[in-house]
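Just below is one structure, and these are the notes that go with it.
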Amino acid sequence: MGHDDFADFPDGLIVAGPDQRVVYVNDRVRKLARAAGDEMIGMSLADALPFDDLNGHTWMECMRPYDGLNTRTAISEQSWYSPRGSEYLITASLRRDRPGGTVRQVVVGIRSARARNQRDRERSDLVATVAHELRSPLTGIKGFTATLLSKWDRFTDEQRQFMLETVDADADRLTRLITELLDAARIDSGRLTLKRGPVRVDQLVDRVLRSVSAAGSEPSWESDLAEVDLVWGDADRLVQVLTNLVENAMRHGHGLRRVEVASAPQDGEPGVRIRLVDRGPGIPEELRQRVFSRFWKAGPGAGSGLGMYIVGGIVTQHGGLVTIGDAPGGGARIDVWLPVNEPDALSD
């Protein structure tokens with residue numbers, strides 16, 4: 001691979017020879033330096049890298065690529081600043097004539113720190129959001145326990161009972177939130193594992209709907225749960241998906257209107273489709289992808305904003321798809337498609 005192969009490389013690239021003179025720069029470096037043609041060829045590497053640490057210490061003075069430690073073969077990436085004050089990330093590899101020998105070539109990589117700074121801001125925003133979500137139930141717990149400890153004798157048994165029930169509910173909310181945060185972190189890092197086994201999706205949906213009814217919600221929905229093929233998946237995780245979708249429909253979709261389960265091959269692959277239709281105004285098309293983002297909330301009274309993100313992650317891990325559309329007669333229609341995924345050993 002020759003130097004010309006790096007002409008359109010998105011990061012800046014400078015190559016200097018044993019005499020510390022530049023022998024190659026790519027187009028990105030020319031643009032950064034506002035240089036024309038080959039005017040940088042033959043320039044000293046120190047002049048070609050006018051970056052410092054904002055305290056007057058230049059990259060060449062600090063890194064000493066030619067006369068530093070003779071066992072080095074690379075210089076790790078660090079932040080440096082251009083004369084115009086822009087931040088860049090600079091790294092380098094050192095090519096020696098032999099191990100511990102003289103440096104014959106220095107290859108320097110330069111890239112803008114903007115993308116890294118954006119990621120840092122996103123991480124800071126994430127930490128702030130998580131802290132806010134955790135603080136809310138903790139504030140309630142602390143407030144009631146502190147009041148009970150300091151003024152126990154001033155309250156009746158009924159008042160104490162109410163306070164302790166509120167503390168218990170806040171503790172449950174905190175536990176759910178921590179579980180959701182851990183699940184979201186597993187999805188982010190690709191470490192969400194499934195305990196696969198044969199699952200009858202129609203029976204699973206029926207179980208979730210019965211559970212919701214038993215919790216005090218009057219069943220006001222229609223259901224058409226056809227008997228379908230076994231899906232090879234994680235029953236507990238699929239219950240988590242269904243529970244999230246049903247609770248969202250009850251909380252934000254003005255109630256659940258219809259639930260269907262049917263066999264639904266897709267692109268020739270056997271699978272099962274679960275369809276939930278709510279009674280709400282629907283979800284605008286431009287927001288349908290955002291629904292599956294971390295901490296996306298549908299307005300006042302929303303939960304942690306992680307539910308649909310986790311739904312998307314679990315369905316994807318099963319090799320399935322979750323989509324949002326408009327239902328005939330109004331309301332949001334959410335379809336979850338799951339492939340059968342039967343192991344080859346069982347299909348023989």
Name every residue in the stretch 90-129 that is in contact (Cβ under 8 Å) with a residue 60 or more places away in the chain and either closer than 28 Å to K31 by Cβ or touching a strand residue (DSSP E or B) at 6+ places or on another chain (Cβ under 8 Å) (or both), in order of residue number.
T102, V103, R104, Q105, V106, V107, V108, G109, I110, R111
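With V241, V228 as the choices, which residue is in the same structural domain as P270 (by TED's automatic domain parsing), under 31 Å from the mean Cα position of the chain (by Cα), under 24 Å from G325 (Cβ atoms) and surrounded by 15 or more Cβ atoms within 10 Å (Cβ to Cβ)? Can you show your working first?
Numbers: V228 fails: under 31 Å from the mean Cα position of the chain (by Cα).
Being in the same structural domain as P270 (by TED's automatic domain parsing), under 31 Å from the mean Cα position of the chain (by Cα), under 24 Å from G325 (Cβ atoms) and surrounded by 15 or more Cβ atoms within 10 Å (Cβ to Cβ) holds for just one of V241, V228, which is V241.
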Count - residues of the stretch 4-26 that are modelled with pLDDT of 90 or more and on the phi < 0 side of the Ramachandran plot
14
Can you find even one residue in the stretch 158-173 that is closer than 30 Å to V23 by Cα and either surrounded by 11 or more Cβ atoms within 10 Å (Cβ to Cβ) or touching a residue at least 12 places away in the same chain (Cβ under 8 Å) (or both)?
no
Only one of (1) assigned to a helix (DSSP H, G or I); (2) surrounded by 15 or more Cβ atoms within 10 Å (Cβ to Cβ) is not met by T316, so which one is it?
(2)
Taking the stated definitions as given, is V259 in the same structural domain as S213 (by TED's automatic domain parsing), modelled with pLDDT of 90 or more, surrounded by 21 or more Cβ atoms within 10 Å (Cβ to Cβ) and within 15 Å of V336 (Cβ to Cβ)?
yes
Counting only residues that are modelled with pLDDT under 90 and among the small types (G, A, S), the stretch 27-50 contains a total of 4
Would you call R28 farther than 15 Å from S112 by Cβ and among the charged types (D, E, K, R)?
no
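Quick grid of which residues meet (1) modelled with pLDDT under 85; (2) more than 21 Å from F9 (Cβ to Cβ); (3) of a type in the set (D, E):
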| position | (1), (2), (3) |
| --- | --- |
| Y88 | no, no, no |
| G101 | no, yes, no |
| E122 | yes, yes, yes |
| P137 | no, yes, no |
| G140 | no, yes, no |
| T145 | no, yes, no |
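Out of the stretch 52-74, which residues are outside any loop (DSSP other than H, G, I, E, B) and either over 24 Å from G17 (Cβ atoms) or touching a Leu at 6+ places or on another chain (Cβ under 7 Å) (or both)? Before you say what the answer is, go through the steps one by one.
Narrowing the stretch 52-74 to residues outside any loop (DSSP other than H, G, I, E, B): 52, 58-63, 74.
W59, M60, A74, listed by residue number.
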Test each condition in (1) over 30 Å from R64 (Cα atoms); (2) assigned to a strand (DSSP E or B) for V130 and report the one that comes out false.
(2)
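When you scan the stretch 125-134, do you find a residue that is surrounded by 14 or more Cβ atoms within 10 Å (Cβ to Cβ) and outside the structural domain of D172 (by TED's automatic domain parsing), even just one?
To start, the set of residues in the stretch 125-134 that are surrounded by 14 or more Cβ atoms within 10 Å (Cβ to Cβ) comprises 126, 129-130, 133-134.
When the remaining residues are screened for being outside the structural domain of D172 (by TED's automatic domain parsing), the result is none.
No: the stretch 125-134 contains no residue that is surrounded by 14 or more Cβ atoms within 10 Å (Cβ to Cβ) and outside the structural domain of D172 (by TED's automatic domain parsing).
Which residues, counting only those in the stretch 61-100, are more than 30 Å from D120 (Cα to Cα), among the hydroxyl-bearing types (S, T, Y) and surrounded by 14 or more Cβ atoms within 10 Å (Cβ to Cβ)?
Residues of the stretch 61-100 that are more than 30 Å from D120 (Cα to Cα), as a first pass: 66-71, 95-100.
Then drop every residue that is not among the hydroxyl-bearing types (S, T, Y), which leaves 66, 71.
Residue satisfying the conditions is Y66 alone.
The values are calculated or read from the model by the stated rules, or taken from the named source; none is laboratory data. Model, not experiment: these values are computed from the prediction. Using ideal geometry, Cβ is built from the backbone for each residue, glycine included, and neighbour counts are taken over all protein chains shown.
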